[in-house]
Amino acid sequence: MTFPRFFSLLFAAWTVTASAATVSVTGLDNNGDVIGQYVIGGQTYWWMCIEPGPPAISNQTITANSLSFTDGWTVQNTERYVNTYGADPSFYASIVPKQIAVMEYVLDTYLPWNTLAGASGRFLEQSGDFNNFTNNDSFYNAMFAVQNFLAQTEGKPPKSDFTDMSDYLDYYAGHGNATDDARSAIFQSMLSDVAAKDGAGFFATYTPVHDYSTINTYAPEADPSNWQDGLVIGMAAVPEPGSAILVASVGLAWIIRRRRR
């Protein structure tokens, strides 16, 4: 890749992050491994890990940018942007929106606020005690199953055909306990559901039920400031201060992406 080409890609990514508001993200002590709770901008949210890595941060605060789901999905670190999405923007122009639509559908359908988020529709009514995460509970089982799906999608940036889901790994299959069996069953339902709907062209016109935005950092992979990225469920992306205010919402969760390419 030529230097002018590399510079133009970095500039494109910079223009995305430069337009985003800066927010604070603090990990809670003993907040789990692949799901848990974090404090973002002074409020507590659920998160899910998308990519495996070291334990989630505890009692540390980082700063990150608030972006749209689409923008944040392509801007995770300089290597991921330049080597994948930035390398051929025209190729990914149709892939990224479809990936986003598929994930929005899975979030909407398998984490329904009216049945899993408590009487008032607030996810925070569910206990954030990590000791409960191995319970065979409908809320935790759905959270872990959706996390599995999103983590698998994150590792497949070129994927646009969701009629064949055989490349998705089921984390919970074959462990021989009721909790993992329940999570595996949910995950397998997702795969069958998504494959059938993609075959019918469903995702070409899918409109999400809830608002989604991302919390992102953007730096070289080895940079100490290159922390986790996350998807926030229940609020729109936050513009720069002065142009709009943070949109608060009930039923909030967020999905964290910790070890990136």
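The values are calculated or read from the model by the stated rules, or taken from the named source; none is laboratory data. Just so it is clear, the structure is predicted and the values come from calculations on it, not from any experiment. Neighbour counts are summed over all protein chains in view; Cβ atoms, including those assigned to glycine, are modelled from backbone coordinates with ideal geometry. The accessibility values were calculated without ligands, DNA or RNA, using every heavy atom of the protein model including side chains. Shrake-Rupley method; radii C 1.70, N 1.55, O 1.52, S 1.80 Å.
The conditions of being in contact with a strand residue (DSSP E or B) (Cβ under 8 Å, 6 or more places away or on another chain), of a type outside the set (D, E) and under 30 Å from P224 (Cα atoms) are not met by V96. Counting only strands (runs of 3 or more DSSP E) that sit completely within the stretch 162-261, zero hold 1 or more residues that are modelled with pLDDT of 70 or more and surrounded by fewer than 22 Cβ atoms within 10 Å (Cβ to Cβ). Given the criterion open to solvent by less than 20 Å² (accessible area, probe 1.4 Å), at pLDDT below 85 and either assigned to a loop (DSSP other than H, G, I, E, B) or under 23 Å from T207 (Cβ atoms) (or both), identify the matching residue among S120, S66. Going through S120, S66 in turn, just one is open to solvent by less than 20 Å² (accessible area, probe 1.4 Å), at pLDDT below 85 and either assigned to a loop (DSSP other than H, G, I, E, B) or under 23 Å from T207 (Cβ atoms) (or both): S66. If you filter the stretch 74-90 down to residues that are touching a Pro at 6+ places or on another chain (Cβ under 8 Å) and under 23 Å from A204 (Cα atoms), you find that the one that is surrounded by the fewest Cβ atoms within 10 Å (Cβ to Cβ) is T84. Scanning the stretch 22-39 for residues that are open to solvent by less than 20 Å² (accessible area, probe 1.4 Å), in a strand (DSSP E or B) and modelled with pLDDT under 80 returns G27, G36, Y38. Per the conditions (1) more than 17 Å from the chain's Cα centre (by Cα); (2) at pLDDT 80 or above; (3) under 12 Å from I215 (Cβ atoms), the sole criterion not satisfied by V82 is (3).
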